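The values are calculated or read from the model by the stated rules, or taken from the named source; none is laboratory data. What you are looking at is a predicted structure, and each value in this text was computed from that prediction instead of being measured. With ideal geometry, Cβ positions are generated from the backbone for all residues, glycine too; neighbour counts draw on all protein chains shown. Side chains are part of the model used for accessible areas, which takes the heavy atoms of the whole protein and leaves out ligands, DNA and RNA. Shrake-Rupley method; radii C 1.70, N 1.55, O 1.52, S 1.80 Å.
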Protein chains: 2
Amino acid sequence: MTEKNIIFIGNKPATAYVMACVIQFNSGAKTIVLKARGRAISRTVDVAEILCKRFMKDLVEVTNIQINTEQLENSEGKLLNLSAIEITIKKI
Amino acid sequence: MTEKNIIFIGNKPATAYVMACVIQFNSGAKTIVLKARGRAISRTVDVAEILCKRFMKDLVEVTNIQINTEQLENSEGKLLNLSAIEITIKKI
């Protein structure tokens, strides 16, 4: 079974998401995918770096990074293009 | 000769950097590397997406994305960890 654990990065401090990742990995997850849109993209890179280089150094690694464009409808029904990122982190 | 054209993404609007990329590709560049740190990371993804999916659709593509941590010294001499991104874009 290759269940994917997805964590959506929003407006909380990066360490909150780092902790969520640590908990998931310690509960047996083999892979976590961090997803974010718009301005949260910078924070997503922070989360991946803090996790892989500090909290779980030599235990997990970034295996894939993808970028994308998502179309969203705003409150006035207008279509907006928003950049998105997906960072895959795996247990070594 | 595999000269690398590096564009540092800062605080200007994304389209300013998209234009810089278009000009470099039209002047013969085969590869451009977008680099950014901290909050400019989100804008860097915007630049790559706008360039590859709109301005130079089917002409260029993202071939590599790397994330990193850079250490900077602030004005008080304290070391800061700052996330960084490098997006490589190539002519198809």
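Restricting attention to region A:1-57, the residues being among the hydroxyl-bearing types (Ser, Thr, Tyr), open to solvent by 50 Å² or more (accessible area, probe 1.4 Å) and either closer than 22 Å to A:Asn81 by Cα or without any contact (Cβ under 8 Å) to a residue 24 or more places away in the chain (or both) number 1. Looking at region B:55-62, is at least one residue closer than 14 Å to B:Lys91 by Cα and within 9 Å of another protein chain (Cβ to nearest Cβ)? Among the residues of region B:55-62, at least one is closer than 14 Å to B:Lys91 by Cα and within 9 Å of another protein chain (Cβ to nearest Cβ), which makes the answer yes. If you go through region A:39-92 and pick out every residue that is among the charged types (D, E, K, R), under 29 Å from B:Pro13 (Cα atoms) and under 15 Å from the mean Cα position of the chain (by Cα), you end up with 5.
Screening A:Glu73 on (1) open to solvent by 20 Å² or more (accessible area, probe 1.4 Å); (2) farther than 22 Å from B:Gly38 by Cβ; (3) within 14 Å of another protein chain (Cβ to nearest Cβ) shows it passes everything except condition (3). Counting residues in region A:25-39 that are more than 9 Å from every other protein chain (Cβ to nearest Cβ) and at positive phi gives one or more. All of (1) of a type in the set (A, V, I, L, M); (2) closer than 26 Å to B:Ile89 by Cα; (3) in contact with a Ser or Thr (Cβ under 9 Å, 6 or more places away or on another chain); (4) more than 13 Å from every other protein chain (Cβ to nearest Cβ) hold for A:Leu82 with one exception: (4).
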